[in-house]
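Shown next, in structure tokens, is the structure this report addresses.
The values are calculated or read from the model by the stated rules, or taken from the named source; none is laboratory data. This structure is a prediction, so every number in the text was calculated from the model and none was measured. Counting neighbours? That spans all protein chains shown, and the Cβs are built from the backbone with ideal geometry, glycine included.
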Amino acid sequence: MTTPQQSRTSAPQVDVRGPRFGAWVTTVVLAVVLLTGSGWLLAVQAVVFAVGAFAGLRYAPYGLLFRTLVAPRLGPVREREAEAPPRFAQLVGFGFALVGTVGFLAGAPAVGFLATGLALVAALLNAAVGFCLGCELYLLARRARTA
Amino acid sequence: MDSTGAVVLLVALVVAGLAAWWLRSRSGAVRTDRAGDDVTRTTDVLRSLGVRPEDADLTVVQFATAFCAPCRATKARLTQLQTSHPGLAAVHVDAESQLEAVRALDVRRTPTLFYLDRAGTVLGRSSGAPRPDELRALVDAHAPAGPAS
């Protein structure tokens, strides 16, 4: 048998329900951004994404919310996953939120609405079916960059 | 209140709904009929990555990245199947470090899996985490459960 190529085996783990909960909260926040056109609310969401992406999921605000308020009401942790995929998703979300925030605050609401709408699709897919759009796009981006 | 936002919200919900439906119905399905695919070339490319189909009844090659959660789940599932199906071999390729092969095989999503029999024939490929029942049926058919023959 061929030797499997494996990387980063002792990576940090998170309860799978944490990122899913965070995706639901994100979906709701982004829906409110769309309904109010509030660039400042989107800016707050951008900061939330940035903390998760750059500081790590253990500091992510929605993750803290999950651990302190939601997790104690649920059963014990049944499944854990590596931190890298959901953390990368936060980075992708940060990109969309940043573009949208600049759009709203710089007087180009069309850009704001578009970026927020795309981020909402990604967040909702993540929340509802556990699909990680950013993770899928990662390979496409890597392919394109060195093509 | 601006109606633009409400319209965008509605469109986003519809798009997400359609995407979710597509993912549920199509993603992960094993396709055996990719028109235009040069099957011999596919095997050659996989061989160049160190895949040796002649060593097992069924060789499953998974292209994965570090940021791919379903890849990890699929890997665990394959490892589990290997304990009951000794004729099954699983090879995990880090797509990021094999971009040439990724382009040659037109791998667009992770996980993408290739299924090869002992003769090196490509039985099929699938994109997205394979459905557990379909994967098990394929493994049962080509690498029957039980002690090694």
Pair list, Cβ < 6 Å and 6+ apart or interchain, from segment B:1-30 residues that are within 9 Å of chain A (Cβ to nearest Cβ) to residues that are outside any helix (DSSP H, G or I): B:2/A:37; B:5/A:37; B:23/A:131; B:27/B:128
Checklist (1) modelled with pLDDT under 90; (2) crowded, with 19+ Cβ neighbours inside 10 Å; (3) more than 10 Å from chain B (Cβ to nearest Cβ) applied to residue A:86, failing item: (3)
Which numbered condition residue A:93 misses (of (1) within 12 Å of chain B (Cβ to nearest Cβ); (2) under 14 Å from the mean Cα position of the chain (by Cα); (3) under 21 Å from residue B:71 (Cβ atoms)): (1)
Members of segment A:68-85 found to be over 24 Å from residue B:65 (Cα atoms) and in contact with a strand residue (DSSP E or B) (Cβ under 8 Å, 6 or more places away or on another chain), listed by number: A:71, A:77
Those residues of segment B:113-149 which are within 17 Å of the chain's Cα centre (by Cα), hydroxyl-bearing (Ser, Thr, Tyr) and surrounded by fewer than 16 Cβ atoms within 10 Å (Cβ to Cβ), in sequence order: B:121
Tabulated pairs, segment A:65-76, first surrounded by 10 or more Cβ atoms within 10 Å (Cβ to Cβ), second modelled with pLDDT of 90 or more, C-beta under 6 angstrom, 6+ apart or interchain: A:66/A:18; A:66/A:21; A:70/A:21
Residues within segment B:70-104 that are buried (at least 22 other Cβ atoms within 10 Å of the Cβ), within 26 Å of residue B:22 (Cβ to Cβ) and away from every other protein chain (no Cβ under 11 Å), tallied: 1
For residue B:57: the one exception among (1) closer than 30 Å to residue A:123 by Cα; (2) more than 7 Å from chain A (Cβ to nearest Cβ): (1)
Among (1) more than 10 Å from every other protein chain (Cβ to nearest Cβ); (2) surrounded by fewer than 17 Cβ atoms within 10 Å (Cβ to Cβ); (3) modelled with pLDDT of 90 or more, the one test that residue A:141 misses: (3)
